[in-house]
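Visitor: Sharing a structure here in structure tokens format.
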Amino acid sequence: MTKFLLISEDSEKENIIKDVCSSDEVITSVDEVLIFDILKVEEPDIVIIDGDFKSIDLKPLCRKIKQFPVIVLMIMGETFHNKDITHNVNLFIKSPIDKNLLSATIDSSLKTRQTLLKMTKSNQELARSLYQLNVLYDTSSQLAGSLDKDKLLKIMTEGIEKSLNFELSCTLMFRSDREPVLLVNSLYKVSDRLLEALKLRAILSYKSLLSDPPFDIKIGNLKIEKTIKHNIQEYDFSVLRYDNMFAPIMLNDEFFGFTEIYREKPFTTEDATCFQTLVQQVTIPLKSASFTQELKATNRKLQKLERLKSEFISIVSHELRTPLTAIKNAMDIILSGKAGDMTENIQKFVTMGKRNAIRLTGIVNDLLDISKIEAGKMDFKFELTHIEPVIEVVKNNLAEVAREKELTIKYVAGDTAEVYADSNRIEQVLTNLVSNAIKFTPNAGEIEITSKIVNARDLQYDHCFEEDIKNLKGNYLQVCVEDHGIGIERKDLNHVFDKFAQIENSLSRQVGGSGLGLPIARQLMESHNGAIWCDSEINKGSRFYFVIPVANDKSNFNMIKKQLIQKARSSGNTVAIIKIKSTKTVIENLIREENLLNKTYMSNSLIEDDGMVASLSMVVVDGDKPSAEFLKKKIDSLTLQKKNVYGECDIMYSYEIEGDTHEKDSYSR
């Protein structure tokens, strides 16, 4: 049945219209307030306005009626109406009214209205579909940026809420194999008995989904986490009668949980598709999150095992070194003759025992060094030094061992330059390389040590060492130890610096060793911001190279930074590295300020030129975010107070705390 609203005082016109629309409902009104009440409550299909109606100003009336979803038909009589009124009217009919024409006009109006309603509905559905697609896209983007299970499910729930406007949702998840959680998101408060019902429903759904559930969920061990939007009313059992949708969160056969939503307004087919799509979107990120969680747990276990191994090696090595020292001292006393005369055989066996005690002490020391390096507790004393004295010390220390095999150790000095290094540790590396050369070089051979300055781009090495060397930049002091021994096969080069590794051949089995010397050398070179590698030919010999940065402001700063970080971490402190970027002149003036160069906060500074721009770096031991902020404010205050010195400039601060990079802050001057 069609509803009409007639606005007219003419009873004759009213009777004609009621006669034409006898099977429909016609409501007549001449009161403006009542007219709009009828439009809101009765929702008529067609409004018929008498053009000769004088009691109300038709201009604002037509404009207001046009805001409602109705067809407006005007009966044109004697009164003239300008376009301000007529452009808000859909159809016109002349007075006196022709009943046939009126009936045809009404039929046409109803068809037009039906078409408009269909178009409006289609537009609404299209707008809703576009909105849901937009929500799906945004949700997908957010899901791709997280590996946290809780956050992923929160993003999924927010996406479902935005697109479907549910009243209540329940999501079962597992934070671990032993921690099931029911996440309840509700528009209003949830009664205690409804919560118990939801828990029971979740348990029954879980058991029905899985034929062989991996974990037995019970009411007592199912944790509830609620998110309530409004506390103005409370949901009870009645919410369970709402329309609902359910979806398991699964990828292939892997079960992550499920989600269920309730809404008073029925869900459509499009809603169901949107819901299932959103739930499916979260499965792959959840799978990745599970892998990440497992990987972190495995890494923690491996780190713990590595720490226990290092501690075990350290303890055993310390325990071994004490009796070995006593044994060696006892043998020294016996060999000195202070314990009495010895036969030739006794002297031979005691000498053999002393030699093996010294060898075992070396292995123990290697074990201690590798455990210290891995634990970050190796002590370094970096200072400006030259390589030549270190090489001479190593030559002299190993001269006697070389003479036993009739070997010659030759040093060919090339370019010289200062390096910022720990002389004792460089000596340790070089001793290891020369000792190995002595072991694997046949009698009456020659070992050659060379040193020269090279640029990183001119270094030559096998591709298996590329990861160790490719990031080197600038000039380096290169030291090479070359022998003419048995050599190493090319396929074995990448294993030379592995822990406890010895390349398999008859001579290596004869000379023995701990297999730790070269790995220790590699770690020591990394600590010096350098590198170590080798190349070799079978039966022709091997060449072992190591490089250390030539001393300059940047290399010195990097070494000091590494040393301070190592010391701070071994003592349980933290390290903040502050970087300031501005014009060269500004930074040069900044570092001259005694007030800024407070050694309590800043341990070293460095200027790196980049055209007209430079950067200042500072290391703050036992630092934290507040101390980093303090330094930034200190510099900021200084530049503001002395604009005549620093002028108008831009200063950019950034800082890292133990590898954690914080946001960059820019201040315009």
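Visitor: Could you please find all residues in the range 278-326 being farther than 20 Å from residue 143 by Cβ and either of a type in the set (S, T, N, Q) or within 21 Å of the chain's Cα centre (by Cα) (or both)? Explain how you work it out, then say what you get.
Guide: So in the range 278-326, the residues farther than 20 Å from residue 143 by Cβ come out as 297-326.
297, 298, 299, 300, 303, 310, 314, 317, 322, 325 - these are the residues of the range 278-326 that are farther than 20 Å from residue 143 by Cβ and either of a type in the set (S, T, N, Q) or within 21 Å of the chain's Cα centre (by Cα) (or both).
Visitor: Also: May I ask you to say which residue of 269, 322 is exposed (fewer than 13 other Cβ atoms within 10 Å of the Cβ), within 29 Å of residue 133 (Cα to Cα) and among the hydroxyl-bearing types (Ser, Thr, Tyr)?
Guide: On the way: 322 fails: within 29 Å of residue 133 (Cα to Cα).
269 is the lone residue from the list that is exposed (fewer than 13 other Cβ atoms within 10 Å of the Cβ), within 29 Å of residue 133 (Cα to Cα) and among the hydroxyl-bearing types (Ser, Thr, Tyr).
Visitor: If I go through the range 337-355 residue by residue, how many of them are open to solvent by 70 Å² or more (accessible area, probe 1.4 Å) and either modelled with pLDDT under 85 or in a helix (DSSP H, G or I) (or both)?
Guide: Keep residues of the range 337-355 that are open to solvent by 70 Å² or more (accessible area, probe 1.4 Å), which gives 338-339, 341, 343-349, 352, 355.
Within this subset, residues satisfying the condition of being either modelled with pLDDT under 85 or in a helix (DSSP H, G or I) (or both) are 338-339, 341, 344-349, 352, 355.
The qualifying residues number 11.
Visitor: Quick check: is even one residue across the range 52-65 within 19 Å of residue 14 (Cα to Cα) and charged (D, E, K, R)?
Guide: yes
Visitor: I'd like to know if the range 215-236 contains one or more residues that are modelled with pLDDT of 90 or more, part of a helix (DSSP H, G or I) and open to solvent by less than 20 Å² (accessible area, probe 1.4 Å).
Guide: no
Visitor: Name every residue in the range 394-424 that is of a type in the set (A, V, I, L, M), in a helix (DSSP H, G or I) and surrounded by fewer than 14 Cβ atoms within 10 Å (Cβ to Cβ), in order of residue number. Break it down into steps so the answer makes sense when it comes.
Guide: Step one: of the range 394-424, the residues of a type in the set (A, V, I, L, M) are 394, 398-399, 401-402, 407, 409, 412-413, 417, 419, 421.
Cutting the leftovers down to in a helix (DSSP H, G or I) gives us 394, 398-399, 401-402.
The one that is of a type in the set (A, V, I, L, M), in a helix (DSSP H, G or I) and surrounded by fewer than 14 Cβ atoms within 10 Å (Cβ to Cβ): 399.
Visitor: Next question, about the same structure. Does residue 52 satisfy the condition of being closer than 27 Å to residue 111 by Cβ and either open to solvent by 20 Å² or more (accessible area, probe 1.4 Å) or modelled with pLDDT of 90 or more (or both)? Break it down stepwise before answering.
Guide: Details: closer than 27 Å to residue 111 by Cβ: no; either open to solvent by 20 Å² or more (accessible area, probe 1.4 Å) or modelled with pLDDT of 90 or more (or both): yes.
Here the answer is no, as residue 52 does not meet what is asked.
Visitor: On to the next question. Just for helices (runs of 4 or more DSSP H) wholly inside the range 62-167: which have at least 2 residues that are open to solvent by 90 Å² or more (accessible area, probe 1.4 Å)? Lay out the reasoning, then the answer.
Guide: Values: elements: 83-86, 99-143, 149-164.
Where helices (runs of 4 or more DSSP H) fall fully within the range 62-167 and carry at least 2 residues being open to solvent by 90 Å² or more (accessible area, probe 1.4 Å), they are 99-143, 149-164.
Visitor: Just for the range 296-319: of the residues that are β-branched (Val, Ile, Thr) and in contact (Cβ under 8 Å) with a residue 40 or more places away in the chain, which one is surrounded by the most Cβ atoms within 10 Å (Cβ to Cβ)? Break it down stepwise before answering.
Guide: Step one: of the range 296-319, the residues β-branched (Val, Ile, Thr) are 298, 313, 315-316.
Among the residues that remain, those that are also in contact (Cβ under 8 Å) with a residue 40 or more places away in the chain are: 313, 316.
On the way: 313: 17, 316: 14.
Checked the range 296-319; the qualifying residue surrounded by the most Cβ atoms within 10 Å (Cβ to Cβ) is 313.
Visitor: Something else now. Inside the range 33-57, can you point out the residues that are within 16 Å of residue 89 (Cβ to Cβ), under 60 Å from the mean Cα position of the chain (by Cα) and in a loop (DSSP other than H, G, I, E, B)? Lay out the reasoning, then the answer.
Guide: In the first step, residues of the range 33-57 are kept if they are within 16 Å of residue 89 (Cβ to Cβ); the result is 35, 39, 44-53, 56-57.
Restricting the remaining residues to those that are under 60 Å from the mean Cα position of the chain (by Cα) gives 39, 44-45.
Scanning the range 33-57 gives 44, 45.
Visitor: Any idea how many residues of the range 243-266 are open to solvent by less than 50 Å² (accessible area, probe 1.4 Å) and under 12 Å from residue 169 (Cα atoms)?
Guide: Residues that pass the stated criteria total 8.
Visitor: To continue, here is another question. Give 256, 237, 267, 174 a once-over and let me know the one that is more than 26 Å from residue 293 (Cβ to Cβ) and in contact (Cβ under 8 Å) with a residue 60 or more places away in the chain.
Guide: Values: 256 fails: more than 26 Å from residue 293 (Cβ to Cβ); 237 fails: in contact (Cβ under 8 Å) with a residue 60 or more places away in the chain; 174 fails: more than 26 Å from residue 293 (Cβ to Cβ).
Of the residues listed, the single one that is more than 26 Å from residue 293 (Cβ to Cβ) and in contact (Cβ under 8 Å) with a residue 60 or more places away in the chain is 267.
Visitor: Among the residues of the range 356-371, is any farther than 28 Å from residue 432 by Cβ, of a type outside the set (Phe, Trp, Tyr) and either open to solvent by less than 80 Å² (accessible area, probe 1.4 Å) or not in a helix (DSSP H, G or I) (or both)? Reasoning before the result, please.
Guide: To start, the set of residues in the range 356-371 that are farther than 28 Å from residue 432 by Cβ comprises none.
No: the range 356-371 contains no residue that is farther than 28 Å from residue 432 by Cβ, of a type outside the set (Phe, Trp, Tyr) and either open to solvent by less than 80 Å² (accessible area, probe 1.4 Å) or not in a helix (DSSP H, G or I) (or both).
Visitor: Going by the structure shown, is residue 292 outside any loop (DSSP other than H, G, I, E, B) and open to solvent by less than 50 Å² (accessible area, probe 1.4 Å)? Step through it out loud before you land on a result.
Guide: On the way: outside any loop (DSSP other than H, G, I, E, B): yes; open to solvent by less than 50 Å² (accessible area, probe 1.4 Å): yes.
Taking the combined requirement at face value, the residue satisfies it.
Visitor: Tell me, which residue of the range 535-559 that is out of contact with any Leu (no Cβ under 9 Å at 6 or more places or on another chain) and at pLDDT 85 or above is surrounded by the most Cβ atoms within 10 Å (Cβ to Cβ)? Before the answer, list the steps.
Guide: Step one: list which residues in the range 535-559 are out of contact with any Leu (no Cβ under 9 Å at 6 or more places or on another chain), which gives 537-543, 552, 555, 559.
After this cut, where a residue has to be at pLDDT 85 or above as well, the list is 537-543.
Working: 537: 12, 538: 12, 539: 8, 540: 11, 541: 22, 542: 24, 543: 17.
Once the filter is applied, the top-ranked residue is 542.
Visitor: Only residues that are part of a helix (DSSP H, G or I), farther than 16 Å from residue 461 by Cα and without any contact (Cβ under 8 Å) to a residue 60 or more places away in the chain: list them for the range 512-553, please.
Guide: Once the filter is applied, which keeps residues that are part of a helix (DSSP H, G or I), farther than 16 Å from residue 461 by Cα and without any contact (Cβ under 8 Å) to a residue 60 or more places away in the chain, the range 512-553 yields 526, 553.
Visitor: What are the residue pairs meeting all of these: first residue in the range 275-295, first residue within 28 Å of residue 244 (Cβ to Cβ), second residue of a type in the set (Lys, Arg), Cβ atoms under 8 Å, and 6 or more apart or on different chains?
Guide: Partner pairs satisfying both residue conditions: 286/149; 289/149; 290/149.
Visitor: Scan the range 176-214 for residues that are open to solvent by less than 20 Å² (accessible area, probe 1.4 Å), more than 25 Å from residue 148 (Cβ to Cβ) and not in a helix (DSSP H, G or I) and jot them down.
Guide: Matches in the range 176-214: 190, 191.
Visitor: Can you find even one residue in the range 585-604 that is under 18 Å from residue 529 (Cβ atoms) and at pLDDT below 75?
Guide: Yes, because at least one residue in the range 585-604 is under 18 Å from residue 529 (Cβ atoms) and at pLDDT below 75.
Visitor: State whether the residues of the range 313-324 include one that is basic (Lys, Arg), in a helix (DSSP H, G or I) and modelled with pLDDT under 80. Break it down stepwise before answering.
Guide: First, the residues of the range 313-324 that are basic (Lys, Arg): 321.
Then drop every residue that is not in a helix (DSSP H, G or I), which leaves 321.
Right, trim to modelled with pLDDT under 80 and you get 321.
Scanning the range 313-324, I find at least one residue that is basic (Lys, Arg), in a helix (DSSP H, G or I) and modelled with pLDDT under 80, so the answer is yes.
Visitor: So how many residues does the range 29-49 have that are surrounded by 16 or more Cβ atoms within 10 Å (Cβ to Cβ) and farther than 24 Å from residue 112 by Cα?
Guide: Residues flagged as surrounded by 16 or more Cβ atoms within 10 Å (Cβ to Cβ) and farther than 24 Å from residue 112 by Cα within the range 29-49 amount to 1.
Visitor: What are the residues in the range 261-297 that are over 20 Å from residue 160 (Cα atoms) and of a type in the set (Val, Ile, Thr), if any?
Guide: Passing the criteria: only 292.
Visitor: Residue 334: under 30 Å from residue 523 (Cβ atoms) and either surrounded by 14 or more Cβ atoms within 10 Å (Cβ to Cβ) or more than 52 Å from the chain's Cα centre (by Cα) (or both), yes or no?
Guide: Details: under 30 Å from residue 523 (Cβ atoms): no; either surrounded by 14 or more Cβ atoms within 10 Å (Cβ to Cβ) or more than 52 Å from the chain's Cα centre (by Cα) (or both): yes.
So residue 334 fails the test.
Visitor: Would you pick out the residues in the range 434-479 that are part of a strand (DSSP E or B) and among the polar types (S, T, N, Q)? I'd like the intermediate steps shown before the answer.
Guide: Residues of the range 434-479 part of a strand (DSSP E or B): 446-455, 475-479.
Within the range 434-479, 450, 451, 455, 475, 478 qualify.
The values are calculated or read from the model by the stated rules, or taken from the named source; none is laboratory data. What you are looking at is a predicted structure, and each value in this text was computed from that prediction instead of being measured. Cβ coordinates were reconstructed from backbone atoms using ideal geometry, including for glycine residues, and neighbour counts include every protein chain displayed. Note: areas computed on protein heavy atoms with side chains; ligands, DNA, RNA excluded. Shrake-Rupley method; radii C 1.70, N 1.55, O 1.52, S 1.80 Å.
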